[in-house]
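Read the structure below first, then the notes.
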Amino acid sequence: MAARCVKNQRGQVSRLWQSICSVDAAGGGRPISTSSARLQEIPKLKVEEAEPVDIPKPKSRTRILVLGGNGFVGSHVCKEALDRGLPVLSLNRSGRPSVTESWVNDVVWVRGSLFESEKWKDQLSDVSAVVSCVGGFGSNAQMRRINGDANIAAINVAAEKGVKRFVYISAADFGLPSFVLRGYYEGKRAAEDALRAKFPYGGVILRPGFIHGNRRVGNMNIPLSAIGSPLELILRNMKPATQIPVIGPLLTPPVKVTAVAKAAVRAAIDNAVPPGMLDVWGILRLGDPRYAADC
Ligand SMILES: NC(=O)c1ccc[n+]([C@@H]2O[C@H](COP(=O)([O-])OP(=O)(O)OC[C@H]3O[C@@H](n4cnc5c(N)ncnc54)[C@H](OP(=O)(O)O)[C@@H]3O)[C@@H](O)[C@H]2O)c1
């Protein structure tokens, strides 16, 4: 048909106005008269009115889930996300903390363990990113379990539920011999491996050294910044020294808890933050505007 139409357009322009090419059952072109008498012969199609169908809208993913949102780092991650106007959900075993600060009322607290994902995984359907601040110390087996297995379980269920980004608060190793805190670092590295495998495009690992700020233990506030802040100031200016073999990693500067929280939330919501690992310098660049300005 296309060939005949082209021929008509090129050679028989006047006939083009009298006829329109169309395809008959055999696939060839035939002229159709445009006179009103012939048009009336064309049977009218009866258009049935379609029944309205309710198509459920996919849930928009807006919430941030903080694992361990009542802990030292987790509570600052919750506050930072709320300050940015994000709806925040926290999961931890003891649920809502007893502190009377107003931000606590703005978080949706879910009581549960990372090991019991069946009980809370439905909460992930409208979660865009997870930030895990779950970790801890104890025997090697306990440290392997809480820093590694618990987080691996959370990473797997978040990937299965279609969460786009996952931020894991890991730890710098200070170049310590492998027998020191073995279970802690084995757990951290196992969780990092799982994150790279399950979130190749949206997994961000933060490896801070010592984190300082006001740490609440029971009813007491421990001002870790009394030591952390001056040490951070000194060591921040000694970056080249961290390259010295053996002692260099021990000079990793402490970082303020608010900077870790800022970096974690940025990594959770900003696609411009690439997947992979952020060491303490990367955390400072992303989480501390004073340091970013110095760079
Ligand atoms: N603090 C530092 O100087 C530092 C330095 C480098 C790296 N990090 C890492 O940063 C992360 C946060 O540290 P942090 O000092 O904030 O720890 P934290 O205060 O002890 O907080 C740990 C949080 O994990 C929750 N949690 C523990 N087991 C859980 C489970 N099975 N299921 C659900 N939630 C659980 C705890 O709440 P519940 O007890 O209510 O469950 C708590 O909210 C850790 O991974 C840590 O290794 C910390």
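None of the figures in this text is laboratory data; all of them are computed from the coordinates on show. Remember, it's a predicted structure, so these values are computed and weren't measured experimentally. Using ideal geometry, Cβ is built from the backbone for each residue, glycine included, and neighbour counts are taken over all protein chains shown.
Numbers for the structure displayed
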item: Gyration tensor (alpha-carbon) shape descriptor, the stretch 59-157, a/c threshold 1.5; result: oblate
item: Principal axis box of the stretch 119-200, alpha-carbon based, largest edge first, Å; result: 42, 26, 16
item: Positive minus negative residues near R84 (Lys, Arg vs Asp, Glu; Cβ under 13 Å); result: 0
item: Cα centroid separation, the stretch 72-96 to the stretch 244-287 (Å); result: 19
item: Whether the stretch 177-295 is rounded, prolate or oblate, judged on the alpha carbon gyration tensor where a/c under 1.5 counts as rounded; result: rounded
item: Computed E for V108/F174 - FRET, C-beta separation, R0 41 angstrom, nearest 0.05; result: 0.70
item: Three-way shape call for the stretch 63-294 based on the alpha-carbon gyration tensor, with the a/c threshold at 1.5; result: rounded
item: I234 paired with N219, simple spin-label distance in nm, labels 7 Å along Cα-to-beta-carbon; result: 3.6
item: Convex hull (Cα only) mean projected area of the stretch 137-245, reported in nm² to one decimal; result: 9.1
